[in-house]
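The values are calculated or read from the model by the stated rules, or taken from the named source; none is laboratory data. Worth saying up front: this structure is predicted, and the values here are computed from it rather than measured. As a convention, Cβ positions derive from the backbone with ideal geometry for all residues, glycine included, and neighbour counts pool all protein chains shown.
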Amino acid sequence: MITGMLNNSGWHVNHKRVERIWRREGLKVPQKQPKKGRLWLNDGSCVRLRPEYPNHVWSYDFVQDRTHDGRVFRTLNVIDEYTKEALAIRVKRKLNSTDVIDVLTDLFILRGPPAFIRSDNGAEFVAKNVRQWITAVGANTAYIEPGSPWENGYCESFNARFRDELLNGEIFYTLKEAQIVIEKWRHHYNTKRPHSSLGYRPPAPEAIIPIDQRPTMH
């Protein structure tokens, strides 16, 4: 990722050189992730739903952390599995099915409903009003099997990066501070942070129009 960021900034370096410098400075070099198996049905078909285009499959999940005073807060993370964009991160002390509907309503208005929404079998996600509402707006639910987090691998991967790159390195003294810092990180993740599966490009880079090409007022 660091090599991608350097190259995107105009520093054309080889990833092996970056790794050597990284080790020399005593920094952590992530270990290679173990290979994961598929979940197969008895008839030989795979139940994993793979995203094929933007707005095809969204997934969402909860992450929990604490402010400096020890009080718990939770985040509701929503991502587009195809583009890898973090569509929303809602931060509150408590989150329930009403918050899920509230976040999805805002996203549906902005982007339209996806074909599928993937989540685990938590109470907030299987609540009757959530399922009915999702169906009513034209989307389909795709729940993972209990105890099988790898079926929601896209969101699990995002949650791991979210915790490793932000939560584990920040002390939040208030909930408001957490909300501001997390939203700033989400913007950076979408517009600046390179993603290996996207050719080390960010999910939603900002488009900058040169001053001499901007429309003028008459």
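Of all residues in region 53-80, those being assigned to a loop (DSSP other than H, G, I, E, B), closer than 22 Å to residue 169 by Cα and not basic (Lys, Arg) number 4.
Among the aromatic types (Phe, Trp, Tyr) and either at pLDDT 95 or above or assigned to a helix (DSSP H, G or I) (or both) - does that describe any residue in region 106-126? Yes, the conditions are met somewhere in region 106-126.
Being assigned by TED's automatic domain parsing to the domain that holds residue 115, modelled with pLDDT of 90 or more and not small (Gly, Ala, Ser) is a property that holds for residue 163.
In region 59-115, what residues are of a type in the set (Phe, Trp, Tyr) and in contact (Cβ under 8 Å) with a residue 60 or more places away in the chain? Answer for region 59-115, where residues must be of a type in the set (Phe, Trp, Tyr) and in contact (Cβ under 8 Å) with a residue 60 or more places away in the chain: 60, 62, 73. Assuming residue 83 fulfils every condition listed in (1) surrounded by fewer than 18 Cβ atoms within 10 Å (Cβ to Cβ); (2) in a loop (DSSP other than H, G, I, E, B) apart from one, which condition is it? For residue 83, the exception is condition (1). Filtering region 86-100 to residues that are crowded, with 18+ Cβ neighbours inside 10 Å and under 21 Å from residue 113 (Cα atoms) leaves 86, 87, 88, 89, 90, 97, 100.
When the residues of region 129-144 are filtered to those that are over 10 Å from residue 115 (Cα atoms) and assigned to a loop (DSSP other than H, G, I, E, B), the one that is modelled with the lowest pLDDT is 144. Restricting region 193-206 to residues that are farther than 17 Å from residue 164 by Cβ and at pLDDT 80 or above leaves a set whose member that is nearest to the chain's Cα centre (by Cα) is 203.
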